[in-house]
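The values are calculated or read from the model by the stated rules, or taken from the named source; none is laboratory data. Only a predicted model underlies this, so the values are computations on that prediction, with no experimental measurement involved. All Cβ positions, glycine included, derive from the backbone under ideal geometry; neighbour counts span all protein chains shown. Please note that ligands, DNA and RNA were not included when accessible areas were found on the heavy atoms of the full protein model with its side chains. Shrake-Rupley method; radii C 1.70, N 1.55, O 1.52, S 1.80 Å.
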Amino acid sequence: MNLFPMKLCKLIPAVLICFCISTEAQQQKYKLYREPHRPQLHFSQKANWMNDPNGMVFFNNTYHLFYQYYPDSMVWGPMHWGHATSKNLVHWDHEPVALYPDSLGYIFSGSVVADVNNSSGFGKAGKTALVAIFTHHDPKGDASGRIDYQNQSIAYSLDEGRTWTKYEGNPVLKNPGIRDFRDPKVSWYEPQQKWIMTLATQDRISFYSSKDLKQWTKESEFGKDNGAHGGVWECPDLFPLDDNGRDVWVLLVSINPGGPNEGSATQYFIGDFDGTKFSSNQTTTKWLDYGPDDYAGVTWSNTGKRKIFLGWMGNWLYATKVPTYPWRSAMTIPRELSLRKIGTEYYVASKPIENYNLFAEPPFIAESFSTTKFNLTDKVKKLKGPARLSMASDQIKTFSIVLSNSKGEKVVIGYDQQANQYYIDRSEAGIHDFYNGFTKKSVAPRIAQGNDTYLTLFIDNASVELFADNGLTVMTGIFFPNDDFTNIQIEAPETLKIKSLKFNRLQDIW
Ligand code: FRU
């Protein structure tokens, strides 16, 4: 008996079904990530609300990104931890929701560590536990007028962050009577073989230590009289950066409101950490990103000496009102942090991760020319879509880079020599009626000295990230044009000498 036709009969519908599903799935994905203003270069969740990046950990060649997520609405609500993974920090796979709210409350921001020494005892059968340390925010406590409704809890995963078990002894760090007591960032302090928790406690940072991630002892506090205090302190991070073989410690502290261009922003302190105390002689306030839209960012854990930062590309002033559908918010591009010394002062410089080079289309390059008006649109055929523009000059003079569209809308990024400031001006960039102050020009000081300047812009269809002077001054801004910005023009009131200009279209990541 010949079974072949029988088999074929069964096979053909199966193949057809598979084909239909895959094309349907493809189409669905295509539509889903092609909505107006959907970032093509940045991570964003499929739908609904997202804020802070959480639990960023590098483990088994995979970068994990968890995030504050409310899957039932496009505005903030009961917080979950969403989850995504990446091999290259450019392309992301969505994973199932990692942590759900429970009887102890919503799951607020926190961190994840790879417990390679099994200090917690959660590791089993040779499997390293990923341990999440997060804030349980009890909404009932909050509503009843108590102040001790935020506590720190832990959960662990033995399957690379896919499923999580909450510890039965939660919370592991109880609220001592502080209204804002949250956002634990935990790291391993090798010299004393202990975990350090850096915690935002209202107007200062508190440091705790633990041998097993379950029992925590308070070590010290920092910051009541340091830095900017225009709002509550949130989402800290503590890590060393290398200066010629010497560890210089950096403390990131997000603050809301009170940022340099209103609302949310992240300041940093340079200092020393001895396993107990963080100290700093810094007298000026330093901002990791002066733009209006980089908040609550921290670094990946378990990446050795490399420190890779990612922020939430939003501002609490208007994040719940931005005109996107069916999702709200995106993350910044990942940035590698390093130390730079200007005079006797240390600064943190941010540089876009190099992996974008792998997904850059062949560049348009122009070298050694002088101009007052240089139109890239004439030179580059494919301006639409995400792109990177780099410009080097040995003159630091007033200039602007104008991104514009067919509707006469524009966003202007530039440098004002008289004020010695970089800026992003989105006053004519499209939809802005959702928040009154959205059109205000954002400014940032030029920190670099000398005449050489090198800047890079990462341009997406609803955001721009400026890395000026090799990432010493950084600005991130979002905008909502009514049509894509497909023209780029460099303008200068006096002739500007450009050493080199490089433009790459970057591949869409979705
Ligand atoms: C920062 C923040 C955190 C908190 C979380 C709640 O944006 O307010 O302090 O844990 O968002 O979603």
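Quick one, what does Rg over Rh come out to for segment 413-510 if you take C-alpha atoms and the Kirkwood Rh? Numbers along the way, then the final one.
On the way: Rg = 14.4 Å, Rh = 15.0 Å.
Rg divided by Rh gives 0.96.
Calculated on C-alpha atoms, the gyration radius of segment 251-382 divided by its Kirkwood radius gives an Rg/Rh of 1.04. Within the assembled protein chains, the solvent-accessible surface assigned to L339 is about 30 Å², based on a 1.4 Å probe. Averaged over its residues, segment 38-165 has an accessible area of 34 Å² per residue, based on protein heavy atoms and a 1.4 Å probe.
Whole angstrom only: what separates the Cα centroid of segment 426-455 from the Cα centroid of segment 103-181? Here the answer is 38 Å between Cα centres. Per-residue 3J(HN,Hα) values for segment 364-373, derived from phi via the Karplus relation 6.51 cos²θ - 1.76 cosθ + 1.60 with θ = phi - 60°, read 9, 10, 10, 10, 6, 9, 10, 7, 10, 8 Hz in sequence order (x marks Gly and Pro). About the centre of its Cα atoms, segment 113-166 shows a dipole size close to 140 debye [charges on the beta carbon of Lys, Arg (+1) and Asp, Glu (-1) only; nearest 20 debye].
When the Cα positions of S368, Y33, V298 are compared along the charge dipole of the chain, Y33 comes out farthest toward the positive end, with charges on each C-beta of Lys, Arg, Asp and Glu. Volume per residue of the convex hull around the Cα atoms, evaluated for the chain, comes out as 188 Å³. Per the Debye formula on identical point scatterers at the alpha carbon atoms of segment 162-216, with no solvent, log10 I(q)/I(0) at q = 0.17 Å⁻¹ is -0.62. Once you reduce segment 187-230 and segment 259-315 to the center of their Cα atoms, the two points are 15 Å from each other. Can you find, among S44, Y189, A444, the residue farthest towards the positive end of the dipole of the chain? Put +1 on the C-beta of Lys and Arg, -1 on that of Asp and Glu. It is S44. Here the alpha carbons of segment 93-178 define both size measures, Rg and Dmax, at 14.0, 46 Å. Think of each Lys and Arg Cβ as +1 and each Asp and Glu Cβ as -1; about the Cα centre, that makes the dipole of the chain roughly 960 debye. Computed over segment 79-134, the alpha-carbon pair-distance distribution with 10 angstrom bins reads 20, 38, 38, 4, each value a whole percent. By the Cα gyration tensor, segment 190-341 has an equivalent ellipsoid whose semi-axes, rounded to whole angstrom, run 27, 17, 17 from largest to smallest.
In debye, nearest 20, what is the charge dipole magnitude of segment 366-510 about its Cα centre with +1 on Lys and Arg Cβ and -1 on Asp and Glu Cβ, if you could check?
Roughly 260 debye, rounded to the nearest 20.
Scalar couplings 3J(HN,Hα) for segment 460-465, obtained by applying the Karplus form with A = 6.51, B = -1.76, C = 1.60 to θ = phi - 60°, are 10, 6, 9, 6, 9, 10 Hz; x denotes Gly and Pro. Segment 376-396 and segment 317-347 have Cα centres lying 22 Å from one another. Residues in segment 199-280 average 35 Å² of solvent-accessible surface per residue, probe 1.4 Å, ligands and nucleic acids excluded. Rolling a 1.4 angstrom probe over the chain with all protein chains present gives an accessible area of which 50% lies on carbon and sulfur atoms.
For segment 346-426, the alpha-carbon coordinates run over 35, 34, 29 Å along the three principal axes, in decreasing order. Counting every alpha-carbon pair across segment 50-151, the share separated by more than 16 Å comes to 62%. Convex hull volume per residue, computed on the Cα atoms of segment 311-464, equals 160 Å³.
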